[in-house]
Amino acid sequence: MSKRLRKVVFPVAGLGTRFLPATKVVAKEMLPVVDKPLIQYAVDEAVDAGADTLVFVTNRYKHAIADYFDKAYELESKLAQSGKNDLLAMVQGTLPRHVRCVFVTQPEALGLGHAVLCAKPVVGDEPFGVVLPDDLIWNGKGPGALRQMAELAADEHAGVIAVEEVPREQTHKYGIVDATPVSHRAAKINLVVEKPRPELAPSNLAIVGRYVLPGRIFELLENTKPGAGGEIQLTDAIEALLAEQSVLAYRFEGTRFDCGNKLGLVKATLAMALEDPQLAEATRGFMREVAC
Ligand code: UTP
């Protein structure tokens, strides 16, 4: 069985209210971390996992994402004419040539589960990845989190969900799993609970924004009633999937930055600046200066 994940879905139709007023006009996924928008990090991770079909679930305000991955004729010809080949390569390198983008619309923000369901006509009945771009997961030169998960999913013929240990007092912000360890990083999920209060949480293993799911999840989503917050929750469909087949929780190798909130975006920006040889020293100096 191929360990490649051909299709990856990016649900990007949320309203991004935590970044208002910027998100009045700028899609959250286009917010930059140093010089690349969040969506570029997410796409790079999907391509690293083997994807050749990227499915963006957008809304009518998010044209910028399609524009970003489109050819920029005027800019490219200006850069070519002026011999700025490095910049030209950068502009042309947002997407490898063999990768295609498909855009589908989620007419109303009815929840993450509903957004994933909107991708059904493109994905069909094969295992696929889901990447939430506001969880930026960085693993340096090592394999991206989604690639690690795709390999495990192919080896075990199972769905795989990324999890991370969170402080107990934060369980109410996440889907929390109860799982039985099967290896150093993987555990078989017994139960998923959406946003439990700390005293009711079965563990502190929180679901974060990466999934490898079978096509069957679409039928389960079609039968999922609105749950917490009146939204169609992906975790409810995963709960139904658990009754039929194994789903693994996977503690990925890498660092996650929750760029869906302001502090997470600041931390990601500093971390990525420290990864950049041209910025690292000055950034470190600045951090020392402001820490005093
Ligand atoms: P969030 O819970 O972060 O919501 O969605 P949001 O709207 O993006 O941001 P806030 O909370 O208002 O600041 C998690 C992911 O699910 C997608 C979002 O785009 C984000 O990638 N999503 C959520 C949808 O695509 N559609 C929805 O109806 C809800």
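The values are calculated or read from the model by the stated rules, or taken from the named source; none is laboratory data. In this text the structure is predicted, and so the values were computed from the model without any measurement. Neighbour counts are summed over all protein chains in view; Cβ atoms, including those assigned to glycine, are modelled from backbone coordinates with ideal geometry.
For Thr269, state whether it is in contact (Cβ under 8 Å) with a residue 24 or more places away in the chain and assigned to a helix (DSSP H, G or I).
Numbers: in contact (Cβ under 8 Å) with a residue 24 or more places away in the chain: yes; assigned to a helix (DSSP H, G or I): yes.
So Thr269 fits the description; yes.
Within segment 49-67, identify whether any single residue is at pLDDT below 95, farther than 19 Å from Arg210 by Cβ and away from the ligand (no atom under 16 Å from the Cβ), and answer yes or no.
Among the residues of segment 49-67, at least one is at pLDDT below 95, farther than 19 Å from Arg210 by Cβ and away from the ligand (no atom under 16 Å from the Cβ), which makes the answer yes.
Taking Leu191 as the residue in question, decide whether it is loosely packed, with under 15 Cβ neighbours inside 10 Å and among the aliphatic types (A, V, I, L, M).
Against the criterion (loosely packed, with under 15 Cβ neighbours inside 10 Å and among the aliphatic types (A, V, I, L, M)), Leu191 qualifies.
For segment 1-30, what are the residues that are near the ligand (Cβ under 10 Å from one of its atoms) and not β-branched (Val, Ile, Thr)?
Phe10, Pro11, Ala13, Gly14, Leu15, Gly16, Arg18, Phe19, Leu20, Ala27, Lys28, Glu29
Within segment 89-142, take every residue that is within 15 Å of the ligand (Cβ to nearest atom) and small (Gly, Ala, Ser) and give me the one that is surrounded by the fewest Cβ atoms within 10 Å (Cβ to Cβ).
Ala109
Just give me the residues in segment 1-22 being part of a loop (DSSP other than H, G, I, E, B) and in contact (Cβ under 8 Å) with a residue 12 or more places away in the chain, in sequence order.
Residues of segment 1-22 part of a loop (DSSP other than H, G, I, E, B): 1-6, 12-16, 20-21.
Met1, Ser2, Lys3, Arg4, Leu5, Arg6, Val12, Ala13, Gly14, Leu15, Gly16, listed by residue number.
From the set of residues in segment 212-229 that are in contact (Cβ under 8 Å) with a residue 12 or more places away in the chain and in a helix (DSSP H, G or I), which is surrounded by the fewest Cβ atoms within 10 Å (Cβ to Cβ)?
Within segment 212-229, the subset in contact (Cβ under 8 Å) with a residue 12 or more places away in the chain is 212-218, 220-224, 226-229.
Next, from what is left, pick out any that are in a helix (DSSP H, G or I): 216-218, 220-222, 228-229.
Details: Arg216: 16, Ile217: 26, Phe218: 20, Leu220: 21, Leu221: 25, Glu222: 12, Ala228: 12, Gly229: 9.
So, considering only residues that are in contact (Cβ under 8 Å) with a residue 12 or more places away in the chain and in a helix (DSSP H, G or I), the one surrounded by the fewest Cβ atoms within 10 Å (Cβ to Cβ) is Gly229.
Out of (1) acidic (Asp, Glu); (2) under 20 Å from the mean Cα position of the chain (by Cα); (3) under 29 Å from Thr23 (Cβ atoms), the odd one out for Glu76 is which?
Failing condition for Glu76: (2).
Filter segment 97-129 down to residues that are part of a strand (DSSP E or B) and either among the small types (Gly, Ala, Ser) or free of Cβ contacts under 8 Å to residues at least 60 places away in the same chain (or both) and give me whichever is farthest from Glu222 (Cα to Cα). Break it down stepwise before answering.
Quick first cut of segment 97-129, residues part of a strand (DSSP E or B) only: 100-105, 128-129.
Next cut, either among the small types (Gly, Ala, Ser) or free of Cβ contacts under 8 Å to residues at least 60 places away in the same chain (or both) only: 100-104, 129.
Values: Arg100: 27, Cys101: 24, Val102: 21, Phe103: 20, Val104: 17, Gly129: 18 Å.
Among them, the one singled out is Arg100.
Given (1) within 14 Å of the ligand (Cβ to nearest atom); (2) in a strand (DSSP E or B); (3) touching a residue at least 60 places away in the same chain (Cβ under 8 Å); (4) in contact with a Phe, Trp or Tyr (Cβ under 9 Å, 6 or more places away or on another chain), where does Gly209 come up short, assuming only one miss?
Against the list (1) within 14 Å of the ligand (Cβ to nearest atom); (2) in a strand (DSSP E or B); (3) touching a residue at least 60 places away in the same chain (Cβ under 8 Å); (4) in contact with a Phe, Trp or Tyr (Cβ under 9 Å, 6 or more places away or on another chain), Gly209 comes up short only on (4).
Just to be sure before I move on: is Ser183 hydroxyl-bearing (Ser, Thr, Tyr), without any contact (Cβ under 8 Å) to a residue 24 or more places away in the chain and in a loop (DSSP other than H, G, I, E, B) in the structure I sent? So that I can check it myself, show each step before the final result.
Working: hydroxyl-bearing (Ser, Thr, Tyr): yes; without any contact (Cβ under 8 Å) to a residue 24 or more places away in the chain: yes; in a loop (DSSP other than H, G, I, E, B): yes.
Yes; evaluated as a whole, the condition is true for this residue.
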